[in-house]
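The values are calculated or read from the model by the stated rules, or taken from the named source; none is laboratory data. For clarity, every value in this text was computed on a predicted model and none was experimentally measured. Methodologically, a virtual Cβ is constructed for each residue, glycine included, from the backbone with ideal geometry; neighbour enumeration extends over all protein chains shown.
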Amino acid sequence: MRTALAVFFAFFAVCFASPEASAQDRIVRSVFQQELNEIATSGGHTIVETATSGDPSVTARTAEGLVFLLFGTACNANGVAGCQGIMMQVRYETDERVNYERISQANYTYAAIATWWDREEGTVGFTRYVVLDGGVSFRNLQENLNVLLAVAPMSAQIVFP
């Protein structure tokens, strides 16, 4: 009897689960352009540009005007179709306020993201990298992006006082 009730309730839960919940909780093991676009727009952000060739990527803008990039990494490797990693970045142009001490302080203060400086390219970047090996829920990918978008401006205040 317990088994029959458990099966009934499991069936009931699956049949009446909201489509939104199942879409958010689906497991992502690799990404293509479509998935990056979906991650970028799921928070209400606007796509500015997408890749037209090569590995998938998307540039998007938040409602507040913060521009961010998502791009696939480890693509079509080891017999797996799609990209097995997602690089999430916010980038700024370098100015005279940037130095290694401030980059180091930003990394120390906000360890949830990596802060880097490419002096030759004149770029300061804030990165969150997600490895998809074994699978990650779509909701977790959204939360990783949310962390980057929340922490990068605070970290930028250290780099650009």
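Annotation: of all residues in the stretch 120-138 being more than 21 Å from residue 59 (Cβ to Cβ) and either assigned to a helix (DSSP H, G or I) or small (Gly, Ala, Ser) (or both), the one that is modelled with the lowest pLDDT is 134. If you check 141, 149 for being closer than 14 Å to residue 28 by Cα and either of a type in the set (A, V, I, L, M) or outside any helix (DSSP H, G or I) (or both), only one passes: 141. For the stretch 39-91, a residue qualifies if it is more than 23 Å from residue 156 (Cα to Cα) and among the charged types (D, E, K, R), and the qualifying residues are 49, 55.
Just so you know, in the stretch 118-142 the residues that are without any contact (Cβ under 8 Å) to a residue 40 or more places away in the chain and surrounded by 12 or more Cβ atoms within 10 Å (Cβ to Cβ) include one that is nearest to residue 39 (Cα to Cα), and it is 140. Across the stretch 60-94, the qualifying residues are those that are crowded, with 19+ Cβ neighbours inside 10 Å and among the aromatic types (Phe, Trp, Tyr), and the one among them that is nearest to residue 129 (Cα to Cα) is 71. Within the stretch 67-90, the only residue that satisfies the criterion of being more than 17 Å from residue 141 (Cα to Cα) and within 14 Å of the chain's Cα centre (by Cα) is 67.
Among the numbered conditions (1) over 14 Å from residue 142 (Cβ atoms); (2) acidic (Asp, Glu); (3) not in a loop (DSSP other than H, G, I, E, B), the only one that residue 38 does not meet is (1).
Given the structure, is residue 112 more than 16 Å from the chain's Cα centre (by Cα) and among the aliphatic types (A, V, I, L, M)?
On the way: more than 16 Å from the chain's Cα centre (by Cα): no; among the aliphatic types (A, V, I, L, M): yes.
No.
Summed over the stretch 91-117, the residues that are of a type in the set (Val, Ile, Thr) and closer than 27 Å to residue 137 by Cα give a count of 2.
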